[in-house]
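Report on the structure given below.
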């Protein structure tokens, strides 16, 4: 049914871009289509060659199910990358009590993997600070930077309440964080990810500055997952000896979260034109090693413009969100549209 519905702001970003690309005639190989008119969650694209493609939410259906599932699991992803000779952060996965009981795993068989041993592990094997992540989380949700053992009860209570199965504990990496988007063996874009922060004006509280920034995100059509009551914000401010009601001086930057995910309010600095070929090669090889065609490689290194032996691959994202990146500028939006045109103009491989 070749009817292009009105693109709603509530539609997933990929669906909105498909509608725009169809309207602009940038998907000439697609002869017919169906787009869910209510929620925009699925599209069904028909090609002149007879093949069909289904997209779901922001997933264009380019990677295999198996490779995508492995990439979702941060523990298995690190195992696979280590096997390929890539550097990853030191760390370990731990079972939450509810999941241990659900799978009937005895304490004898898993004592060194139970969450009650996390504090000891951090003290003896990693040292503080460390990062704690859900095994299959995304968009920066429930990621904590833990600086002392007294924080563990609250963090683990949150994980137990949210029914998170396993917690990934990793050493903190003291390097800038970059996202390199790879498609079909080439770099599409690269950008540094900067943590959510606000800049003081000398009169507004941090609460008010957060509200202003949220309004800007809405104007830029950037969906974010953050709230002034987020305990991670209060912990980050405590470490800076200020509170949510403090009034930063004009021009004073205040970091609010210990993570750099764009969906959690982070900002991007484009480095596509300056990334060194060494890092391009690592991202391309890591993507291929994980049997992915499309991937957002999260990499930490001292300087993206210079080759170095010091680096860590933090995560592999089989469905990299591109809406926040596209909202950062016209050139970034052009790159994203070019990527989607490349993916969607070609029928799926049988």
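The values are calculated or read from the model by the stated rules, or taken from the named source; none is laboratory data. Everything numeric in this text was worked out from a predicted model, so none of it was measured. So basically every Cβ, Gly included, is an ideal-geometry build from the backbone, and we count neighbours across all protein chains shown.
Please go through segment 173-212 and give me each residue that is part of a loop (DSSP other than H, G, I, E, B), in contact with a helix residue (DSSP H, G or I) (Cβ under 8 Å, 6 or more places away or on another chain) and within 30 Å of residue 241 (Cβ to Cβ), ordered by number. Residues satisfying the conditions are 196, 200, 201, 204. Determine whether residue 164 is in contact with a strand residue (DSSP E or B) (Cβ under 9 Å, 6 or more places away or on another chain), outside any helix (DSSP H, G or I) and either modelled with pLDDT of 90 or more or surrounded by 13 or more Cβ atoms within 10 Å (Cβ to Cβ) (or both). Spelling it out, residue 164 is indeed in contact with a strand residue (DSSP E or B) (Cβ under 9 Å, 6 or more places away or on another chain), outside any helix (DSSP H, G or I) and either modelled with pLDDT of 90 or more or surrounded by 13 or more Cβ atoms within 10 Å (Cβ to Cβ) (or both). Please go through segment 266-279 and pick out each residue that is touching a strand residue (DSSP E or B) at 6+ places or on another chain (Cβ under 8 Å) and either on the phi > 0 side of the Ramachandran plot or assigned to a loop (DSSP other than H, G, I, E, B) (or both). Listed by number, the residues that qualify are 266, 271, 272, 275. Being at pLDDT 90 or above, over 16 Å from residue 152 (Cα atoms) and not in a strand (DSSP E or B) is the requirement here; does residue 77 meet it? So residue 77 fits the description; yes. Look at (1) closer than 30 Å to residue 173 by Cα; (2) crowded, with 18+ Cβ neighbours inside 10 Å; (3) not assigned by TED's automatic domain parsing to the domain that holds residue 183 and you find that residue 74 fails only one, number (3).
The residues in segment 240-261 that are at pLDDT below 90 and more than 20 Å from the chain's Cα centre (by Cα) can be counted, and the count is 0.
Scanning segment 126-153 for residues that are under 29 Å from residue 69 (Cα atoms) and in a helix (DSSP H, G or I) yields 126, 152. In summary, residue 46 fulfils each of the numbered conditions (1) surrounded by 15 or more Cβ atoms within 10 Å (Cβ to Cβ); (2) assigned to a helix (DSSP H, G or I) with the single exception of condition (2).
To keep it simple, each residue is scored yes or no on (1) assigned to a loop (DSSP other than H, G, I, E, B); (2) within 16 Å of residue 185 (Cβ to Cβ).
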| position | (1), (2) |
| --- | --- |
| 285 | no, yes |
| 299 | no, no |
| 342 | no, yes |
| 347 | yes, no |
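Restricted to segment 1-22, and to residues there that are touching a residue at least 40 places away in the same chain (Cβ under 8 Å) and part of a helix (DSSP H, G or I), the residue that is farthest from residue 61 (Cα to Cα) is 20.
Looking across segment 294-328, just one residue is in contact with a strand residue (DSSP E or B) (Cβ under 7 Å, 6 or more places away or on another chain) and surrounded by fewer than 18 Cβ atoms within 10 Å (Cβ to Cβ), and that is 328. Considering segment 99-111, and only residues there that are in a helix (DSSP H, G or I) and exposed (fewer than 14 other Cβ atoms within 10 Å of the Cβ), the residue that is modelled with the lowest pLDDT turns out to be 108.
One line per residue, one yes/no per condition, for (1) within 21 Å of residue 132 (Cβ to Cβ); (2) in contact with a strand residue (DSSP E or B) (Cβ under 9 Å, 6 or more places away or on another chain); (3) surrounded by fewer than 20 Cβ atoms within 10 Å (Cβ to Cβ):
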residue: 169; (1), (2), (3): yes, yes, no
residue: 182; (1), (2), (3): no, yes, no
residue: 197; (1), (2), (3): no, yes, yes
residue: 215; (1), (2), (3): no, no, yes
residue: 227; (1), (2), (3): yes, no, yes
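Taken over segment 231-252, residues that are outside any loop (DSSP other than H, G, I, E, B) and either assigned by TED's automatic domain parsing to the domain that holds residue 300 or without any contact (Cβ under 8 Å) to a residue 12 or more places away in the chain (or both) amount to 2.
Only one of the listed residues (40, 61, 25) is touching a residue at least 60 places away in the same chain (Cβ under 8 Å) and either surrounded by 15 or more Cβ atoms within 10 Å (Cβ to Cβ) or within 16 Å of residue 340 (Cα to Cα) (or both). That residue is 61. Only one of the listed residues (149, 138) is touching a helix residue (DSSP H, G or I) at 6+ places or on another chain (Cβ under 6 Å) and not assigned by TED's automatic domain parsing to the domain that holds residue 69. That residue is 149. The numbered conditions (1) within 25 Å of residue 224 (Cβ to Cβ); (2) modelled with pLDDT of 90 or more; (3) surrounded by 15 or more Cβ atoms within 10 Å (Cβ to Cβ) are all true for residue 34 except (1).
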